[in-house]
Amino acid sequence: MIQDTKTKFRNLLDEEIGQLVHQGCSSTDWSLIKVAEDFIPNCIENTKFTGRIRLNSFTGSVKLFGGITFKTGIYNAWLHNCEVGKNALIHNVRSYIANYRIGENVIIHNITTLAVDGRSSFGNGTVVEAINEGGGREIPIYDYLSAHVAYMMALYRHRPALVNSLKRMVENYTEFVSDEMGVIGAHSKLLNSNTILNVKTGTATVIDGAKKLKNGSVNSNFEAPVVIGEGVIMEDFIVSSGSRVTDATLVSKCFIGQGCVLDKHYSAENSLFFANCQGFHGEACSIFAGPYTVTHHKSTLLIAGMFSFLNAGSGSNQSNHMYKLGPIHQGILERGGKTTSDSYLLWPSHIGAFSLVMGRHYKHCDTTEFPFSYLIESKDESILVPGINLKSIGTIRDTQKWPKRDKRTDSNLLDFINFNLLSPYTVRKMIVGREKLLDIRQSGGDEASYRYQRMKIEKHALDRGIELYEMAIWKFLGNSLITRLKGNKLKDNNDIRKALQPDTRYGQGYWVDLSGMLCPFEALDQLLTNVELGVIQSLEEVNAALAGLHKNYYNYEWTWAADVLDKFYGKAVDLFDADDVIAVVEKWKSSVLGIDQYLYEDAKKEFSMSKMTGFGVDGQNGARELDFAEVRGEFESNNTVQAIRQHMEKKEALGKEMMDMMSKLTVKEGQRD
């Protein structure tokens, strides 16, 4: 049933009906057509009306491509059960438009069919079999799905009451938005497209050249328009604000989050893409693509896995079954992973955060407790190089570029993203990883290499991994301590202890990466329990609680760091004095500058003579160096190199400032004694 708006509608006058008939229009029942009080029939030609119709006035004009100006109105179309907003243009509908509310200033030009057939949920409630093709982790999608809610529904199957409650909330929302009428949001453009069936769009949507869109929502808005381009085929989908799906991309049973780009013949089925994902050329099947999952190559297949902040190299592939019980296996690459060209992983496998996978791995690798590592293949053997990515300038560059590449312009962000490289989530893993490496070295003796699960670790790599993890741990703990103390007016040791007292009891122990959002599990568990008990009963309340966890990250972080300082440094923060702060800052300063020096040396490799191969073609006498400098710039003037130098200078000055402050307090305490 068409709903009346604030606009007052009236019946057509007899002379208006006569004029419409003269202009080639017809209706099975003219009394079912209601028009705005200022309606004039001049701009409606060759149009058939059936069912209940509401028409606003058409007095403006629009510009089409090529500079063509066209008066708003309805030309060469068949409308059934429709409401048309003010100054809309509907031109050349080859079949019909049925059961739609069309907003003001909409342009619908040269399409075949736009219709809602029966009661539709417009993609809401569609069940996506992500992560595991064999089922069991199904996620019902809805307009405002976040990576964090999806994570809970997919991975917390050991808490069925939680999952059932979340699914029930989605069912309630789906029922709320279901309707027999579709909506085309104001200022949208539907151009040169074929079939659009059971699809609703938000404001400022552009659909140009789409081949088929069926059962979906395009959640565009003025802040963050959505573009659907030429040759696109999508069924059972939701596209969030600010995203682009273009160039013959194929989508089936997918959620596409904010700021995503799927382009260049990409193919995706039963998959979830959250904030700022990019998919070009390749294929996705049953994946959970957390924020910033990027794949740009034709031969790359991502299948039955969970990823975030991933850069997938060309030819990257995974196998999700071993030809026994079918495709029932799954894998996880934690945040910040990279796969090199022609890399391969046999699921199930679990790769730790900020790790690089090179070569082919058939032994179900689990490097969860060894973040920032290389997993490389040599002679069909998987070799683990712990912590080596902490020395890589590429790792730092990635963390700097992600915030800059945030394409989301919507003021209502669905995903809460924490970009921190070092956090309780990664540092806790480094602490555990360091302890495991020490145990391996102690139990293995003085060997050239060691075995861990089904992987090999060379002795020099193990020793270096322990050193790098220690440096990164002290870097994080020192950062947290200095941040906590900086800006406080400290007169004595009591002031230090007061400043170091945590603001919340939450934060100690295990932390989770809720696909982009970092938080202590203890605090998250309270949210989960409230959902299970019915204290939280709506998706809005769930999102508000998640927002609270995200907002309190740094309070939680200090609670964790304070607890770890007690264990790692060997003294509780409520017993700290100025000398303890100096000791921690010295370890921090040494670690920060040491890691920065590693990064500096790694960057220097990119300007070595071997990297100049192919430069200075047909030139002699220094042409190669000159050509390289013209293209790549000088080493010292490189932006990343300058950033490292500035970082070293800044941290050295900060360390000196903090130690000078503590030294003065030590002197004062001595004078009192």
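The values are calculated or read from the model by the stated rules, or taken from the named source; none is laboratory data. All figures in this text were calculated on a predicted structure; none of them were measured in a lab. Here the Cβ positions follow ideal geometry from the backbone for every residue, glycine too, while neighbour counts run over all protein chains shown.
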- Query: Within region 389-402, is even one residue in contact (Cβ under 8 Å) with a residue 60 or more places away in the chain and touching a strand residue (DSSP E or B) at 6+ places or on another chain (Cβ under 6 Å)?
  - Reply: no
- Task: Quick one: residue 511 ticks every box in (1) in contact with a helix residue (DSSP H, G or I) (Cβ under 7 Å, 6 or more places away or on another chain); (2) of a type in the set (A, V, I, L, M, F, W, C); (3) farther than 17 Å from residue 424 by Cα except a single one, so which number is it?
- Result: (3)
- Item | Checklist (1) under 34 Å from the mean Cα position of the chain (by Cα); (2) over 30 Å from residue 659 (Cα atoms); (3) exposed (fewer than 13 other Cβ atoms within 10 Å of the Cβ) applied to residue 607, failing item | (3)
- Note on the structure: With the first residue restricted to region 607-631 and required to be closer than 20 Å to residue 393 by Cβ, and the second required to be in a loop (DSSP other than H, G, I, E, B), Cβ contacts under 6 Å at 6 or more apart or on different chains are 607/635; 628/615
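For region 632-648: of the residues being small (Gly, Ala, Ser) and free of Cβ contacts under 8 Å to residues at least 40 places away in the same chain, which is nearest to residue 390 (Cα to Cα)?
Step one: list which residues in region 632-648 are small (Gly, Ala, Ser), which gives 633, 637, 643.
Next, from what is left, pick out any that are free of Cβ contacts under 8 Å to residues at least 40 places away in the same chain: 633, 637.
Numbers: 633: 25, 637: 23 Å.
Checking each candidate, the answer is 637.
Considering region 530-554 alone, what residues qualify as being polar (S, T, N, Q) and surrounded by 14 or more Cβ atoms within 10 Å (Cβ to Cβ)?
Step one: list which residues in region 530-554 are polar (S, T, N, Q), which gives 530, 537-538, 543, 552.
Within region 530-554, 530, 537, 543, 552 meet the criteria.
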- Task: Restricting attention to strands (runs of 3 or more DSSP E) lying wholly within region 1-80, give those where 2 or more residues are at pLDDT below 95 and exposed (fewer than 15 other Cβ atoms within 10 Å of the Cβ).
- Result: 61-64, 68-71
- Task: List every residue pair whose Cβ atoms lie under 8 Å apart, where the two residues are 6 or more positions apart in sequence or sit on different chains, the first residue falls within region 122-134 and is closer than 18 Å to residue 183 by Cα and in contact (Cβ under 8 Å) with a residue 60 or more places away in the chain, and the second residue, located anywhere, is of a type in the set (Phe, Trp, Tyr) and part of a loop (DSSP other than H, G, I, E, B).
- Result: 124/142
- Task: Considering (1) outside any loop (DSSP other than H, G, I, E, B); (2) over 18 Å from residue 470 (Cα atoms); (3) in contact (Cβ under 8 Å) with a residue 24 or more places away in the chain, say which one residue 438 fails and leave the rest.
- Result: (2)
- Message: Quick check on region 15-24. Is at least one of its residues polar (S, T, N, Q) and within 22 Å of residue 220 (Cα to Cα)?
- Response: no
- Task: Restrict the check to region 508-529 and report whether at least one residue is surrounded by fewer than 15 Cβ atoms within 10 Å (Cβ to Cβ) and in a loop (DSSP other than H, G, I, E, B).
- Result: yes
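Give me a count of the residues in region 610-650 that are basic (Lys, Arg) and either loosely packed, with under 10 Cβ neighbours inside 10 Å or closer than 30 Å to residue 479 by Cβ (or both).
Within region 610-650, the subset basic (Lys, Arg) is 611, 624, 632, 645, 650.
Among the residues that remain, those that are also either loosely packed, with under 10 Cβ neighbours inside 10 Å or closer than 30 Å to residue 479 by Cβ (or both) are: 645, 650.
Number of matching residues: 2.
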- Filtering region 491-504 down to residues that are in contact with a helix residue (DSSP H, G or I) (Cβ under 7 Å, 6 or more places away or on another chain), of a type outside the set (Asp, Glu) and either within 25 Å of residue 548 (Cβ to Cβ) or exposed (fewer than 14 other Cβ atoms within 10 Å of the Cβ) (or both) yields 499, 500, 501, 502, 504
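Would you be able to say whether some residue in region 165-181 is within 30 Å of residue 72 (Cβ to Cβ) and surrounded by 24 or more Cβ atoms within 10 Å (Cβ to Cβ)?
Step one: list which residues in region 165-181 are within 30 Å of residue 72 (Cβ to Cβ), which gives 177, 179-181.
In the following step, the residues that additionally are surrounded by 24 or more Cβ atoms within 10 Å (Cβ to Cβ) were identified as none.
Within region 165-181, not a single residue is within 30 Å of residue 72 (Cβ to Cβ) and surrounded by 24 or more Cβ atoms within 10 Å (Cβ to Cβ).
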- Query: Identify, please: which residue in region 222-235 is out of contact with any Gly (no Cβ under 6 Å at 6 or more places or on another chain) and among the acidic types (Asp, Glu) and is, among those, surrounded by the most Cβ atoms within 10 Å (Cβ to Cβ)?
  - Reply: 235
- What are the pairs, 6+ residues apart or on separate chains, where a residue within region 577-591 that is within 12 Å of residue 479 (Cα to Cα) has its Cβ under 6 Å from a residue that is assigned to a helix (DSSP H, G or I) and charged (D, E, K, R)? 591/475
- Message: I need the full set of residues from region 419-435 which are free of Cβ contacts under 8 Å to residues at least 60 places away in the same chain and more than 25 Å from the chain's Cα centre (by Cα), in order please.
- Response: 434, 435
- touching a Gly at 6+ places or on another chain (Cβ under 6 Å), under 16 Å from residue 126 (Cβ atoms) and not aliphatic (A, V, I, L, M), is that true of residue 255? no
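Let's see how each residue does on (1) free of Cβ contacts under 8 Å to residues at least 24 places away in the same chain; (2) surrounded by 23 or more Cβ atoms within 10 Å (Cβ to Cβ); (3) within 24 Å of the chain's Cα centre (by Cα); (4) within 23 Å of residue 429 (Cα to Cα):
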position: 330; (1), (2), (3), (4): no, yes, yes, yes
position: 333; (1), (2), (3), (4): no, yes, yes, yes
position: 342; (1), (2), (3), (4): no, no, no, no
position: 345; (1), (2), (3), (4): no, yes, yes, yes
position: 357; (1), (2), (3), (4): no, yes, yes, yes
position: 360; (1), (2), (3), (4): yes, no, no, no
position: 368; (1), (2), (3), (4): no, no, yes, yes
position: 380; (1), (2), (3), (4): yes, no, no, no
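Might you let me know whether region 122-140 holds any residue that is under 19 Å from residue 36 (Cβ atoms), among the small types (Gly, Ala, Ser), surrounded by fewer than 16 Cβ atoms within 10 Å (Cβ to Cβ) and modelled with pLDDT under 95? Break it down stepwise before answering.
Here is the first cut: in region 122-140, the residues under 19 Å from residue 36 (Cβ atoms) are none.
For region 122-140, residues under 19 Å from residue 36 (Cβ atoms), among the small types (Gly, Ala, Ser), surrounded by fewer than 16 Cβ atoms within 10 Å (Cβ to Cβ) and modelled with pLDDT under 95: absent.
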